[in-house]
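Comments concern the structure below.
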Amino acid sequence: MPQHATNKPFYVTTPIYYVNDRPHIGHVYTTTVADVVARYHRLRGEDTFFLTGTDEHAAKVVDAAAERGLTAQQWADRNADEFESTFRRLGLTHDDFIRTSQPRHTQRVQQYVKQLLDSGDVYLGDYEGWYDAGQEEYVPENKAKDYDFKSPINGKPLVKKKEQNYFFKLSAYADDLLKLLDGGEVAGQTFDVQPVARKNEVAARIREGLNDVPISRHAVDDAAAKWGISVPGDEKHTIYVWIDALFNYLSTIDVDDPDDRRKYWPADVHLIAKDILWFHAVIWPALLLALRRQQGSEWIDLPKLVYAHSFWIAEGQKMSKSLGNFIDLEKIDSYVETFGLDALRYFLASNGPMGTTDSDFAEAKFIDVYNSDLANTFGNCFSRVSNMCAKYFDGKLPAAGPEIELAFAQLDPTMAKGATMQPNGPWVETRALALTASMNQMDLFDAIGEAMLIIRVVDNYIEKTAPFKLAKDPNNLPQVATILYNCAEALRIASVLLWPVIPHKVEALWQRIGCGHYVDQLSETGRGDFDKWIVWGQLAPGTPIEKGDALFPRHQPAKA
Ligand code: ME8
């Protein structure tokens with residue numbers, strides 16, 4: 001697992017997406033998770049770089065463009081715009097959007113491939129094999145046979161293809177890769193793949209043997225292959241789209257500029273899905289090991305972690321073109337319109353396929369999660385606290401006193417004895433530390449679970465201490481004050497923990513509880529003060545608590 005040294009800036013990437021079609025929920029998901037991770041690191045005050053973008057030199061882009069009477073570049077431009085504007089509309093905060101047809105990328109790719117040609121890691125040879133045109137990849141003989149010579153991904157027939165190609169000497173890196181995956185060091189470098197089941201899959205496949213891989217296509221007799229970056233010094237060949245694409249993680253930050261983007265390398269996490277694990281867990285580190293041996297490239301360390309999540313399915317079925325059941329942009333927009341952007345983010349982050357099982361994107365589940373976690377827990381908790389401040393303390397946060405221990409003992413002796421799950425300083429701060437550990441493991445479920453637990457405990461505490469009953473006797477008001485202070489403070493800390501996931505609603509909450517300066521700091525500097533903000537006791541007594549509209553109004557399904 002990556003240890004985040006405090007002085008190393010944080011760098012997170014998503015795959016760059018093919019522009020043959022418009023974005024769908026899968027693309028939005030990975031980019032949203034990366035956004036949550038990036039926001040979390042910014043919240044911690046870290047210098048953070050978050051990269052996404054589009055992968056354009058694919059044959060299927062040429063085909064899709066031709067069907068519409070457009071050039072590949074025109075079609076790529078249109079869809080790249082669609083990806084970028086979608087991500088912006090969804091409030092995603094990437095620091096750059098790389099397109100592989102941009103000169104800043106193509107020039108660097110040519111430079112890297114030239115270095116590999118010069119070192120002999122890339123050489124010219126002949127290749128014959130089974131090609132999956134949809135995936136733009138060769139399928140090994142035994143796998144092709146297992147799938148009856150059809151694409152393991154889309155079921156279309158594989159084609160036997162023979163070409164003169166440039167090859168990358170992948171076979172030379174098998175031992176190094178196995179050592180790295182086993183937790184060892186190669187040339188002072190470490191490299192991890194998670195979840196561990198995915199790492200084991202990759203290692204098992206490497207142990208079956210690694211062949212050198214073709215990394216070019218013949219651009220003379222293949223019109224689609226002309227759409228690509230030429231192999232330096234040999235115009236007849238273009239660089240295979242996958243090699244071109246992988247280099248995006250490096251080309252974006254490998255620039256001489258006053259900001260010194262190279263400081264972000266190595267990537268702390270490449271977030272991907274299981275479909276593209278092999279390229280990221282095997283080809284990519286091997287390319288980098290080859291590259292960093294070249295003069296001037298010694299700074300090119302290995303990425304710390306490749307994290308491969310699983311897949312969304314839709315309403316219980318695999319999403320596919322033929323079923324026409326993709327959660328597409330229209331559906332995504334309709335969820336946002338009905339429930340709000342943060343509700344979509346919350347559902348993706350808390351119920352998505354991080355880990356090794358697929359997740360179902362089902363409307364009933366979405367509504368259930370929305371109502372139970374956001375409306376009834378987060379939203380309701382704030383409205384209870386703000387209502388009581390309005391009713392008993394003139395809309396202001398009261399000061400806490402020592403009276404609560406007494407109140408506890410009187411109200412619920414069992415709880416006072418156990419007293420482990422009280423929304424008090426030490427307990428809440430422990431939850432924040434647990435969240436940190438979970439985020440470092442890319443365990444979003446646990447991280448969100450810690451924040452939600454605080455709110456559930458606050459709710460339970462309100463039930464158990466019953467301030468609304470206590471308040472009937474004015475002599476009890478000091479106890480009510482303590483209860484409300486504890487609730488508000490616990491809720492404040494929970495909201496800090498939830499900011500990476502539901503930033504817009506959390507910021508609205510902060511404005512209502514006298515923490516507008518958090519919003520100002522984040523918008524002015526881009527960074528938060530996590531370690532300070534999670535310390536108990538920062539809400540000043542007397543602060544006006546503004547009730548406002550429900551943060552997450554309960555969703556009532558329309559009656560049929
Ligand atoms: O593979 N569930 O691009 P791509 C979750 N250009 N995530 C999904 C998903 C699903 N059902 N479907 C897609 C490519 N994704 C290459 C990548 S990187 C150097 C080049 C997400 O447009 C997930 O992140 O096919 C997956 O890895 C990616 O989209 C594939 O996007």
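The values are calculated or read from the model by the stated rules, or taken from the named source; none is laboratory data. The structure presented is a predicted model; accordingly, all values stated were derived computationally and were not measured. A quick note on method: Cβ atoms are made from the backbone with ideal geometry, for glycine too, and the neighbour counts reach across all protein chains shown.
Specify the residue that is farthest from the ligand (Cβ to nearest atom); the eligible residues are those in segment 306-319 that are surrounded by 13 or more Cβ atoms within 10 Å (Cβ to Cβ) and over 20 Å from the mean Cα position of the chain (by Cα). The extreme case among them is 315.
When segment 304-346 is filtered for residues that are of a type in the set (Ser, Thr, Tyr) and under 30 Å from residue 550 (Cα atoms), the ones remaining, listed by number, are 334, 335, 338, 346. Within segment 349-364, the set of residues being within 13 Å of the ligand (Cβ to nearest atom) and among the charged types (D, E, K, R) comprises 358, 360. Taken over segment 244-281, the criterion of being of a type in the set (A, V, I, L, M, F, W, C), part of a helix (DSSP H, G or I) and either within 17 Å of the chain's Cα centre (by Cα) or away from the ligand (no atom under 13 Å from the Cβ) (or both) is satisfied by 276, 277.
For segment 225-243, name all the residues that are within 14 Å of the ligand (Cβ to nearest atom) and under 16 Å from residue 138 (Cα atoms). Selection gives 239, 240, 241, 242, 243.
Within segment 293-305, the residues that satisfy the criterion of being over 23 Å from the mean Cα position of the chain (by Cα) and either within 15 Å of the ligand (Cβ to nearest atom) or surrounded by 16 or more Cβ atoms within 10 Å (Cβ to Cβ) (or both) are 294, 297, 300.
Scanning segment 236-253 for residues that are of a type in the set (D, E, K, R) and crowded, with 21+ Cβ neighbours inside 10 Å yields one hit, 244.
Can you pull out the residues in segment 140-197 that are under 27 Å from the mean Cα position of the chain (by Cα) and part of a helix (DSSP H, G or I)? Listed by number, the residues that qualify are 177, 178, 180, 181, 196, 197.
Within the bounds of segment 217-224, is there any residue that is crowded, with 21+ Cβ neighbours inside 10 Å, within 15 Å of the ligand (Cβ to nearest atom) and at negative phi? So far as segment 217-224 goes, no, none of its residues is crowded, with 21+ Cβ neighbours inside 10 Å, within 15 Å of the ligand (Cβ to nearest atom) and at negative phi.
Residues that are of a type outside the set (S, T, N, Q) and surrounded by fewer than 21 Cβ atoms within 10 Å (Cβ to Cβ) number at least 3 in the following helices (runs of 4 or more DSSP H) confined to segment 448-519: 467-470, 503-512.
A single entry from 30, 48 fulfils the requirement of being crowded, with 17+ Cβ neighbours inside 10 Å, more than 10 Å from the ligand (Cβ to nearest atom) and more than 17 Å from residue 99 (Cα to Cα): 48. Annotation for segment 381-388: at least one member residue is surrounded by fewer than 20 Cβ atoms within 10 Å (Cβ to Cβ) and either within 13 Å of the ligand (Cβ to nearest atom) or of a type in the set (S, T, N, Q) (or both). Restricting segment 322-348 to residues that are modelled with pLDDT under 95 and more than 12 Å from the ligand (Cβ to nearest atom), the residue that is surrounded by the most Cβ atoms within 10 Å (Cβ to Cβ) is 323.
Scanning segment 3-27 for residues that are more than 10 Å from the ligand (Cβ to nearest atom) and of a type in the set (Val, Ile, Thr) yields 6, 12.
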